Amino acid sequence: QVQLVESGGGLVQAGGSLRLSCAASGRTFSNYVMGWFRQAPGKEREFVAAIKWTGGTTYNANSVKGRFTISRDNAKTTVYLQMNSLKPEDTAVYYCAADRSLVLRTSGDEYDYWGQGTQVTVSS
């Protein structure tokens with residue numbers, strides 16, 4: 001059974017940094033795409049970034065380009081989201097997701113497995 005467990009969220013001041021982790025287990029993820037999404041109160045879920053497990057190709061949403069970096073550690077089967085220059089509008093619950101497709105996709109409906117989420121709060 002696939003399990004995705006996020007960690008690393010918290011409270012940070014604007015301009016600060018956080019690194020989220022997503023520990024993946026339950027199967028081989030070499031043919032998966034891993035994604036990060038977020039959902040703020042009263043708003044729809046939003047794509048943040050995605051990475052192909054094999055090859056490491058990445059894609060970021062425009063709203064986080066130049067500030068957030070997605071990466072993965074094959075040995076630890078863990079995906080990271082390094083978030084720098086955080087803004088109050090980055091406040092949300094951040095979710096890790098896994099997609100069995102080999103295509104980098106931005107729609108959460110295409111992803112097959114989800115973690116429980118981790119709260120990120122950025123104060124002004």
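The values are calculated or read from the model by the stated rules, or taken from the named source; none is laboratory data. These figures come from a predicted structure and were not determined experimentally. Note: ideal-geometry Cβ built from the backbone for every residue, glycine included; neighbour counts use all protein chains shown. With ligands, DNA and RNA removed, areas are computed over all heavy atoms of the protein, side chains included. Shrake-Rupley method; radii C 1.70, N 1.55, O 1.52, S 1.80 Å.
Observations on the structure shown:
- Subset of the range 45-71 that is in a loop (DSSP other than H, G, I, E, B) and polar (S, T, N, Q) - its residue that is most open to solvent (accessible area, probe 1.4 Å): THR54
- From the list ASN84, ASN74, the one residue that fits, being open to solvent by 40 Å² or more (accessible area, probe 1.4 Å) and at pLDDT below 95, is ASN74.
- Candidate set from the range 102-124 (those that are small (Gly, Ala, Ser) and outside any loop (DSSP other than H, G, I, E, B)); member that is nearest to PHE29 (Cα to Cα): GLY108
- Looking only at the range 2-44, residues that are within 27 Å of ARG100 (Cβ to Cβ), at pLDDT 95 or above and surrounded by 15 or more Cβ atoms within 10 Å (Cβ to Cβ) come to 16 in all.
- Unmet criterion (only one of (1) within 13 Å of LEU4 (Cα to Cα); (2) open to solvent by 20 Å² or more (accessible area, probe 1.4 Å); (3) at pLDDT 95 or above) for VAL79: (2)
- Which listed residue is free of Cβ contacts under 8 Å to residues at least 24 places away in the same chain and under 11 Å from the mean Cα position of the chain (by Cα), from SER71, SER7, SER21: SER71
- Residues located in the range 91-101, provided they are surrounded by 15 or more Cβ atoms within 10 Å (Cβ to Cβ) and part of a loop (DSSP other than H, G, I, E, B): THR91
- Condition check for GLY56 on (1) over 11 Å from the mean Cα position of the chain (by Cα); (2) modelled with pLDDT of 95 or more: one failure, at (2).
- Residue that is farthest from GLY9 (Cα to Cα) [pool: residues in the range 87-124 that are of a type in the set (A, V, I, L, M) and either in contact with a Leu (Cβ under 6 Å, 6 or more places away or on another chain) or modelled with pLDDT of 95 or more (or both)]: ALA98
- Within the range 1-41, tally of residues that are in a strand (DSSP E or B), touching a Ser or Thr at 6+ places or on another chain (Cβ under 6 Å) and of a type in the set (S, T, N, Q): 4
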